[in-house]
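The numbers here are math on the coordinates, done by the rules we state, and not lab data. Computed from a predicted structure; not experimentally measured. Here the Cβ positions follow ideal geometry from the backbone for every residue, glycine too, while neighbour counts run over all protein chains shown.
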Amino acid sequence: MKTLIEQSSLKIKQEFKAILLILDLLGLTAILFLSIYTRFHADDFCMAGTVNSMPFFKYFGYWYIGWTGRYSFIAVTGLSGLLGVKFASVLPTIMVSIWLLLNAWAILPIIRQQKCQAPVLSAFAYSGIFLFLLLLSLPNIFQSVFWNNGAINYSFPLITFTINVGIIIRLWYKNIKGRGWVLLNIFLTLVTGGFSEIFISMQITFFVLVMLYLYFFVERNNYKHIWYFLVINLISALIALLIVAMAPGNQVRQSLLDKPTNLLILPIMVLRNTLIIFYIFLKNSGFWMILLITIPFLLSLIWTQNSVETEMIGKSYPFRQLWNQKWFKGGILVGLFVFLMTMSAATPSSYIQGDYPENRAMILPFYFIVIGIMTIMYLLGAAVRKLPKVNQYFQDLKIKVLIRVLILLLFGTGLTLTVLNTFHSLPDYVSYAQLWDLRDQELRTLKENNVKEVTIFKLESHFGLEDIHTDPKYWVNRYVAEYYGFDTIVGQ
């Protein structure tokens, strides 16, 4: 009889995780469906126009010397520009699909350590939930994920960074060893550091915080096998910062901005902008904050082992003893980690522009904020699950089924809202793409007829991005003309 119950319970667990993963994929599909109507906008023409008009190395030097030190960004946008507009419409789907796989791969050792049933399925389900909630929390998902240049600038470093994290986790659990992994992570650190100043700051802060945590909270014998690895990666991140900071193009771009923030008031500016980032996150999360809090909590109730620990929140402890509780210490350290990572995200824009990061860059701090909230809620749920009086209820299969049904209802509600929003936004995306394609065809026809000076209809500035103007000397006009091969282009 007991064996039949255990088999039934295992089947329910696997079916639940499979259904949850299906909902994840449907949710991501509903979000990404709009991205197939992405076309070139503004800066896309800048990079694509120059990379198509000169050798690649000359193109690279043109931007590194003349505008920005973001060397990885320059290289990847150049390759993307060579692939054309059709690639821009599929890039978000390819990018998020790879990200889903890498997230699952990165956290798989942790899932296995928790001894969850069907660990691979659990890793994919949790990865899908994370990406779904992250994308829905963004204040400008088009510029952060859909837009070609924005995605490369801000989403790409998070994807390569995920590989770094996965390697570090495997080194921690001693699942891998060898110089090859070290060299791969050094390479990835250098690549990741070349996408944006914001992520360079965050990457350096990440390695420093991990090293500080190991030094103060872990026995030396337990971390010395990865210490040199983290030191090398920190040095690589600093080298990436040096390469970006030394670029002559930075002075050109900075000359168009206000003077850098005075170092005396910079700490206050950073703190202010850090709080603004959290405010923007809370403002944009809305209903999704409910899912972000409840789903990880409920999942931990059914994914954590059926064990009872006496040193949990089941007893009354003086406040000074709370620090000895894993759920409390973990929650405090994760919260502090997220706050410091967000401060590091706010620092470059606070210094360079005297302001908080642009909305399209919010995916960088939001990435760590979402992970932080999900981790804290998971730890809290695991602590509640291990209470003696609570744990006994989870021996009842009906209670477990009810929690799974509640999770699916919550996620299903979020999925429904996402689908409705997609259908609401779809006509706007489709009409803009149709007009863009019409103009694109007309411009290519004019080029075939050897027309040198063109007057063409201008599109309404969409998604917060500029289109051509009536002034042929306007920067968008110049790069659109270069992309299509005209002397001048005028919008009307």
Starting from 0.36 nm per residue, how many nanometres of slack lie between VAL419 and LEU209 once their C-alpha separation is accounted for? 71.7 nm
Between the Cα axis of helix 197-217 and the main Cα principal axis of the chain, the angle (0 to 90°, nearest 10) is 20
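How big is the Kirkwood radius of region 185-274, worked out from every pair of different alpha carbons and given in Å to one decimal? Don't jump to the answer; show the numbers that get you there.
On the way: mean 1/r = 0.0660 Å⁻¹.
About 15.1 Å for region 185-274.
What is the local net charge at ALA247, summed over the other residues whose Cβ is closer than 11 Å to its Cβ (Lys, Arg +1; Asp, Glu -1)? It would help to have the intermediate numbers written out before the result.
Values: positive: ARG70, ARG253; negative: GLU197.
Once all neighbours under 11 Å are counted, the net charge is +1.
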The Kirkwood hydrodynamic radius of the chain, taken as the inverse of the mean 1/r over all distinct Cα pairs, in Å, comes to 24.7
Would you grab the residues whose amide H sits under 5 Å from the one on THR455? Only those 5+ places off in sequence or on another chain, please, with H modelled 1.01 Å from N. VAL490
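Using only alpha carbon pairs under 8 Å that are at least six residues apart, calculate the relative contact order of region 450-492 and give it in whole percent.
49
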Could you list the residues of region 449-475 with an amide nitrogen less than 15 Å from a label point located 7 Å from the Cα of SER431 in the Cα-to-C-beta direction? 459-463
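I need the Kirkwood Rh of region 450-492: take the reciprocal of the average 1/r across all distinct C-alpha pairs and report it in angstrom. The partial results should precede the final answer.
Values: mean 1/r = 0.0974 Å⁻¹.
About 10.3 Å for region 450-492.
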Pop the C-beta distance of ASP258 and ILE65 into the FRET formula with R0 = 35 Å and round what comes out to the nearest 0.05. 0.95
To the nearest 10 degrees, how steep is helix 397-448 against the longest Cα principal axis of the chain, on a 0 to 90 scale? 10
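Mean projection of the alpha-carbon convex hull of region 12-103 over all orientations, in nm²?
Details: hull surface 28.9 nm².
The Cα convex hull of region 12-103, projected and averaged over all directions, gives 7.2 nm².
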